[in-house]
Amino acid sequence: MATIHFDTLRRASEIIGDDKILADMLGVNERLLAWWKSEEVSIPKGVFFMCVDIVVSDAVHQKSHQ
């Protein structure tokens, strides 16, 4: 079941373009990141908020370069 949490995590992953880098940014290993992306477990609120920051920052960056 897709939720805003999982969608935001996946979008952050697309923006960063490399799960190793995203995992490092989130302070976790790639295996845990993959587990979250599989939607098998909930994403911690702090991680979700870090992903929101990535997505919003990208949107602002894209908007400013139009």
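The values are calculated or read from the model by the stated rules, or taken from the named source; none is laboratory data. Note that the structure is predicted; figures quoted are calculated from it, not measured. Counting neighbours? That spans all protein chains shown, and the Cβs are built from the backbone with ideal geometry, glycine included.
Ser42 falls short on exactly one of the conditions (1) of a type in the set (Gly, Ala, Ser); (2) part of a helix (DSSP H, G or I); (3) more than 11 Å from the chain's Cα centre (by Cα), and that condition is (2). Entry remark, segment 26-39: residues being in a loop (DSSP other than H, G, I, E, B), modelled with pLDDT of 95 or more and loosely packed, with under 12 Cβ neighbours inside 10 Å number 1 in total. Of note, Asp58 satisfies the criterion of being in a helix (DSSP H, G or I), more than 11 Å from His5 (Cα to Cα) and in contact (Cβ under 8 Å) with a residue 40 or more places away in the chain.
Considering only segment 1-25, how many residues are in a helix (DSSP H, G or I) and more than 10 Å from the chain's Cα centre (by Cα)? Final tally of qualifying residues: 4. Mind listing whichever residues of segment 14-28 are touching a residue at least 12 places away in the same chain (Cβ under 8 Å) and over 18 Å from Gly46 (Cβ atoms)? If the condition is that a residue be touching a residue at least 12 places away in the same chain (Cβ under 8 Å) and over 18 Å from Gly46 (Cβ atoms), then Ile15, Asp19 are the ones that fit.
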